[in-house]
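Peer 1: I have a structure I would like to understand better, so I am pasting it below and will then ask my questions one at a time.
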Amino acid sequence: MIQIIDNGVYLIKGQEALEVKDNVLLDANQQPVSLTDLAVGAEKVGQESARQNTMAYQILSRHNTSGDMDSLKIRFDALTSHDITYVGIVQTARASGLKEFPVPYVLTNCHNSLSAVGGTINEDDHVFGLSAAQKYGGIYVPAHQAVIHQYMREMMSKSGSMILGSDSHTRYGAFGTMGVGEGGPELVKQLLQKTYDVKCPEVVAIYLEGKPRPGVGPQDVALAIIGAVFKKGFVKNKIMEFVGPGISNLSVDFRSGIDVMTTETTCLSSIWVTDEQVQRYFAIHGRPEAYAKLEPGEVAYYDGMVKVDLSKIVPMIALPFHPSNVYTIEELNQNPYDILKIVEEEGRKQLDNPAIQFNLTDRIVNGRLKVDQGIVAGCAGGSFENLMDVAAILDHQSVGSDYLSFSVYPASQPIYYQLIQNGAAAKLMAAGALLKTAFCGPCFGAGDVPANGQLSIRHTTRNFPNREGSKPGDLQISSVALMDARSIAATVVNGGRLTPATELDVAPADYRYEFNGEIYQKRVYQGCCAPKAEADLKFGPNIADWPEMIALPENILLTFAAVIDDPVTTTDELIPSGETSSYRSNPLKLAEFTLSRKVPEYVERAKALQVLEYERRKFVAASAGNVNTAAAFAQDAELSVALRELGEEVLNYNPAFENVENVLASTGLGTVIYANKPGDGSAREQAASCQKVLGGSANIAREYATKRYRSNLINWGMLPFTMDEEKIPFNVGDALFIPNIRQHVQNEQSDIAAQLFTADGVKEIQLNLSHLTQDEREIILKGCLINYYGAK
């Protein structure tokens, strides 16, 4: 059902794919063919000109301000954030000189609208958001009106446009809009009328053919694609361009359901061919002018291709703890013990806590996996057509009165309204399903947390460890498997026994839809391009400014506060989601949760080193750089034993320094995290900023899982090192001295020599610091993005 072509591909007239293999063009039967045989003009045959015929290239070129398509500087048409991120973004932009929002900026409230943690702090942030929209001229979507991406689909998407969001699932390709999800600092740059800088990404064609069988939904197609490409990194930081005859067999809701999950492939963005169905969607939503026909040129060149035969896709399940851990439901039902045993073993390694008993095989009842909870929610699950099919399956059925529960969250109030109008809501309620308002909670651990030991099946976006809300520090563990809404509904009506929707014979749902725009007209604040400079921002007591962050010192001594050898480290592990995010507007409070579910000791280790760095700064300030004064100060102040020992350790192997005081005067102290491949998952900047707040100065990795996490590190002034050593040479407590680091960054040096201090002695190692733009180097030198703009 999935075929990966890891070679260049020419797409002819949007239909026929020709693989470039050893400089020979091959057709679908692997027979040689020439473009001239296909009556394609010679002027269009060249690879570079054909590359410019992709939809992605055309959109990027229209938004690029650099004049160089190899090094893009993008200006976006609109921005969007939710209530985990917009306070920090506005605060950072304020500190950098923000006067008004220069482009439409949508602030939504779909992540902490049900969380009661911290008393008033969630609603305080919502009040701040509305005041910011009024003061700077933005759009404010109140809580429960819509999840962030559904509002953007309905009201902001436009064929040929680009939208930047501070959420990783910013994906509107099915509407002809290239969406990019990044950390908050990238939105700050746009608010300050700067650019999004990136090397021109490769473009991979996702060629769809055939038609899905009844019972197969968008999540099934998405999981099949994710399972095929994620571990290979086939589309990492690339653009997925959806083409082929199969697109016409998919509704816009279906396309969008696939598209939003492309984030889990680690691609940069996505774009689809648009057609009459997209045109009709915009017309229904009162925005016919937003439509434009998009399609590749007559001959388009792609850097690879994923062929998907939709007719062969079957119901899928992504088992814990990643969306790429994909099986067909059929194979799992045929062999549950062996498959679940493997998942248990891998999961226990990932959890790395012998006190937690992670079991799935105990959920097997009479030879089939039995689940405890079903949820359909958020930007992936809560679409109109998904819920209509769920209602059709549950019609005259029962959720039952045992342990099984089932909840659905329509993705917007207009969708909810239509479900009420057409009777689908009544069918769901009569069957025992719970209907809840638009909320992203089940996707990030702030709603419907299962009981300890339970398994939940969800049509949401992610199933990382503890993302459903369990707290491993309290020895809790529950888990999530991702499935399509249709098979979740089929499982629910079968008493929780895992059941693919293809086993049911259900009449097709009626997808006729009428959009009620009055719902937004009466509740959404529309202040775009109408700032009220005299309006005051309204601060709750939890909203705090960022602590001081200093410039990169001449030398740096890094202490390893965490060494993680998992194949991939998610942003959820770096900073947990769920109730933790209620503290998002207070950097110091939020930082207390850094790595709390993965390395609980991290915060105390980082704080202990930070105390020494504060002592060092006091020493430097008192001595004003004079070594003699420094020595006198050190004697009078009696430098702590720990700080002096660090200085002596460096001094012993670096005779260029005259004394310990000389070392401390020019050498900053910070912590560093090593992880093989950090940054998979959420775009939340706090995965980096929380480390910075605690004195984090660098990450070291074999590679970074996503561009957005690496960008977050840079924007918070942290050094994004990579290394090639086969065996991890680091342990917690080791120290890494990097002399002349400031000079290396200024001189654009990629290969960085460092001294590794371990219990067994000292050795030289090589780090890499490459692919930094000039602006990124300046941000690191200044200490963070706030300092960078403050200096300007």
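Peer 1: So, with +1 on the Cβ of K and R and -1 on the Cβ of D and E, and no other charges, what is the size of the charge dipole of the range 352-474 about its Cα centre, to the nearest 20 debye?
Peer 2: 60
Peer 1: Moving to a separate point now. State the label only: which of (1) 37.2; (2) 47.4; (3) 34.6 corresponds to mean projected area of the Cα convex hull in nm² computed from the shown model?
Peer 2: Of the listed options (1) 37.2; (2) 47.4; (3) 34.6, (3) comes from this structure.
Peer 1: Any idea of the accessible area per residue across the range 239-331, 1.4 Å probe, to the nearest Å²?
Peer 2: For the range 239-331, the per-residue accessible area is 26 Å².
Peer 1: While we're looking at this one, here's another question. At 1.4 Å probe size, with every protein chain present, just tell me what the per residue accessible area of the range 397-513 comes to in Å².
Peer 2: In whole numbers, the range 397-513 has 35 Å² accessible per residue.
Peer 1: Taking the radius of gyration and the Kirkwood hydrodynamic radius from Cα positions alone, what is the Rg/Rh ratio for the range 71-112, to two decimal places?
Peer 2: Reported Rg/Rh, Kirkwood definition of Rh: 1.01.
Peer 1: Can you list residues whose amide H is under 5 Å from Leu434's amide H, if they're 5+ apart or on another chain and H is modeled 1.01 Å from N?
Peer 2: For Leu434, the qualifying residues are Phe406, Ser407, Val408.
Peer 1: Aspartates and glutamates within cross-link reach of Lys341: Cα-Cα under 18 Å, excluding same-chain residues under 8 positions apart?
Peer 2: Glu330, Glu331, Asp352, Asp362
Peer 1: Let me ask you something else. What's the carbon and sulfur percent of the range 437-552's accessible surface, probe 1.4 angstrom, rounded to a whole number?
Peer 2: 48
Peer 1: State log₁₀ I(q)/I(0) for the range 564-722 at q = 0.11, 0.17 Å⁻¹ as given by the Debye formula over alpha-carbon point scatterers of equal weight, solvent excluded.
Peer 2: Log10 of I(q)/I(0), two decimals: -0.51, -0.95.
Peer 1: Using 0.36 nm per residue of separation minus the Cα-Cα distance, give me the extension gain between Leu537 and Ser770 in nm, one decimal.
Peer 2: Going from the current span to full extension adds 79.9 nm.
Peer 1: Continuing with the same structure: Might you work out the accessible area of His744 for me, using a 1.4 Å probe with all protein chains in place, and round it to the nearest 10 Å²?
Peer 2: Ignoring ligands and nucleic acids, His744 comes out at about 30 Å².
Peer 1: Another question, if that's okay. I'd like the FRET efficiency for Asn731 and Ser71, computed as 1/(1 + (r/R0)^6) with the beta carbon distance as r and R0 of 35 Å, rounded to 0.05.
Peer 2: About 0.35, to the nearest 0.05.
Peer 1: ³J(HN,Hα) across the range 708-721 via Karplus (A = 6.51, B = -1.76, C = 1.60, θ = phi - 60°), whole Hz, x for Gly/Pro?
Peer 2: Result, ordered by residue: 5, 5, 4, 4, 4, 4, 4, 5, 9, x, 9, 7, x, 6 Hz.
Peer 1: List, in order, the whole-Hz ³J(HN,Hα) value for each residue of the range 157-168 obtained from phi through the Karplus relation with A = 6.51, B = -1.76, C = 1.60 and θ = phi - 60°; use x for Gly and Pro.
Peer 2: Here the 3J(HN,Hα) series is 5, 7, 4, x, 9, 10, 10, 10, x, 8, 8, 5 Hz.
Peer 1: Then there is this: Based on C-alpha coordinates, I'd like the Rg and Dmax of the range 503-612, in Å.
Peer 2: Just the Cα atoms of the range 503-612 yield Rg and Dmax of 23.5, 70 Å.
Peer 1: What net charge do the residues around Ala759 carry, taking every other residue with its C-beta under 15 Å from that of Ala759, with Lys and Arg at +1 and Asp and Glu at -1?
Peer 2: Once all neighbours under 15 Å are counted, the net charge is -3.
Peer 1: Let me ask something additional. So with the 1.4 Å probe, I'd like the accessible area per residue for the range 635-726, rounded to whole Å².
Peer 2: I get 32 Å² per residue for this part.
Peer 1: Quick check on packing: order 522-533, 182-193, 49-60 by the mean number of other C-beta atoms within 10 Å, highest mean leading.
Peer 2: 182-193, 49-60, 522-533
Peer 1: Report, in debye and to the nearest 20, how large the dipole of the chain comes out about its Cα centre when Lys and Arg carry +1 and Asp and Glu carry -1 on their Cβ.
Peer 2: Charge dipole, the chain, about its Cα centre: 1480 debye, nearest 20.
Peer 1: Through the Karplus equation 6.51 cos²θ - 1.76 cosθ + 1.60, θ set to phi - 60°, convert the phi angles of the range 533-543 into ³J(HN,Hα) values in whole Hz; use x for Gly and Pro.
Peer 2: Once θ is set to phi - 60°, the couplings for the range 533-543 become 4, 7, 5, 9, 6, 10, 9, x, x, 8, 7 Hz.
Peer 1: Hey, another quick one. Full-extension gain between Arg348 and Asn366, please, as 0.36 nm times their residue separation minus the C-alpha to C-alpha distance.
Peer 2: 4.0 nm
Peer 1: Taking all protein chains as present, what is the carbon and sulfur share of the accessible area of the range 224-361, in % to the nearest whole number, probe 1.4 Å?
Peer 2: Roughly 47 percent of what the probe reaches on the range 224-361 is carbon or sulfur.
Peer 1: Rank these by accessible area, largest first, 1.4 Å probe: Asp124, Asp751, Asp680, Asp760.
Peer 2: Accessible-area ranking of Asp124, Asp751, Asp680, Asp760, largest first: Asp760, Asp751, Asp124, Asp680.
Peer 1: Continuing with this model, one more query. Share of the range 82-173's accessible area from carbon and sulfur, percent, 1.4 Å?
Peer 2: 52
Peer 1: Using the structure shown, list the pairs from Lys211/Lys238; Lys232/Lys692; Lys199/Lys236; Lys238/Lys307; Lys135/Lys189 with a Cα-Cα distance above 23 Å, or answer none.
Peer 2: Beyond 23 Å between Cα atoms: Lys211/Lys238; Lys232/Lys692.
Peer 1: In the neighborhood of Cys200, defined by Cβ-to-Cβ distances under 10 Å, what is the net charge if each Lys or Arg adds +1 and each Asp or Glu adds -1?
Peer 2: That works out to -1.
Peer 1: Over the Cα atoms of the range 439-525, Rg to Rh with Kirkwood Rh, two decimal places?
Peer 2: 1.11
Peer 1: To continue, here is another question. With only alpha-carbon atoms in the gyration tensor, what are the semi-axes of the equivalent ellipsoid for the range 154-222, in Å, largest first?
Peer 2: They are 29, 14, 12 Å, listed from largest to smallest.
Peer 1: Taking K and R as +1 and D and E as -1, what net charge do the other residues with C-beta under 13 Å from the C-beta of Met261 add up to?
Peer 2: It works out to a net charge of 0.
Peer 1: Same structure again: For the chain, find the longest principal axis of its Cα atoms and tell me its angle to the long axis of helix 218-229, 0 to 90°, nearest 10.
Peer 2: Taking the Cα atoms of the chain, the angle to 218-229 is about 50 degrees.
Peer 1: With r as the distance between the Cβ atoms of Ala426 and Glu503 and R0 = 30 Å, compute the FRET efficiency 1/(1 + (r/R0)^6) and round to 0.05.
Peer 2: Taking R0 as 30 Å, the efficiency between Glu503 and Ala426 is 0.70.
Peer 1: Given the rule -39500 (n - 2.57) for each run of at least 4 DSSP H residues, summed and divided by the residues of the chain, what is its mean residue ellipticity at 222 nm, to the nearest 500 deg cm²/dmol?
Peer 2: -9000 deg cm²/dmol
The values are calculated or read from the model by the stated rules, or taken from the named source; none is laboratory data. Owing to the predicted nature of the structure, the values given are computational and were not obtained by experimental measurement. Reconstructed Cβ throughout: ideal geometry from the backbone, glycine too, with neighbour counts over all protein chains shown. Surface areas here come from the heavy atoms of the whole protein model, side chains and all, with no ligands, DNA or RNA. Shrake-Rupley method; radii C 1.70, N 1.55, O 1.52, S 1.80 Å.
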